[in-house]
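Asks: Sharing a structure, written as structure tokens. Questions coming.
The values are calculated or read from the model by the stated rules, or taken from the named source; none is laboratory data. From a predicted model like this one, the values you see are computed outputs, not experimental measurements. Here the Cβ is made from the backbone with ideal geometry for all residues, glycine too, and neighbour counts use every protein chain on show. What goes into the accessible areas is simple: the full protein's heavy atoms, side chains included, and nothing from ligands, DNA or RNA. Shrake-Rupley method; radii C 1.70, N 1.55, O 1.52, S 1.80 Å.
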Amino acid sequence: MASRAVIRDLYNVRVLPAEGATTPLTDEEEQRFRAVLFSELGNKVADQGWARFPAYTPEDRRRLVDVVHRLTTYWGQQVFVEAEDQCSLRLCLAGYEAQAKTLSPRS
């Protein structure tokens, strides 16, 4: 008796990332995430002059740099971004760089 193979079409199937790897965001997810960062970090920078946010991957850092450029354009005032350590970036308005550096590392 011959065995019959069943062939099925697979739709909307994604390959799983390797153990510990991340799955990239879709274009829509990326746009929504950047909009949330723009709003939340923008509000924090507007309130206290600076904000700290984790950036574990190169993509996280690129995303935050893009948000800083958007905030600078939106406000017409320079917003700076700099690495605080290997895992976080600090965003601050001109004039608040020294204040943000003198505060405790995780305040």
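Asks: Against the conditions (1) surrounded by 12 or more Cβ atoms within 10 Å (Cβ to Cβ); (2) within 29 Å of Thr23 (Cβ to Cβ), where does Asp85 fall short? Just the number, please.
Replies: Against the list (1) surrounded by 12 or more Cβ atoms within 10 Å (Cβ to Cβ); (2) within 29 Å of Thr23 (Cβ to Cβ), Asp85 comes up short only on (1).
Asks: Need the failing condition index for Thr22 against (1) at pLDDT 95 or above; (2) open to solvent by 70 Å² or more (accessible area, probe 1.4 Å), just the number.
Replies: (1)
Asks: If you take the residues in region 47-80 that are over 13 Å from the mean Cα position of the chain (by Cα) and of a type in the set (Val, Ile, Thr), which one is surrounded by the fewest Cβ atoms within 10 Å (Cβ to Cβ)?
Replies: Within region 47-80, the match that is surrounded by the fewest Cβ atoms within 10 Å (Cβ to Cβ) is Thr73.
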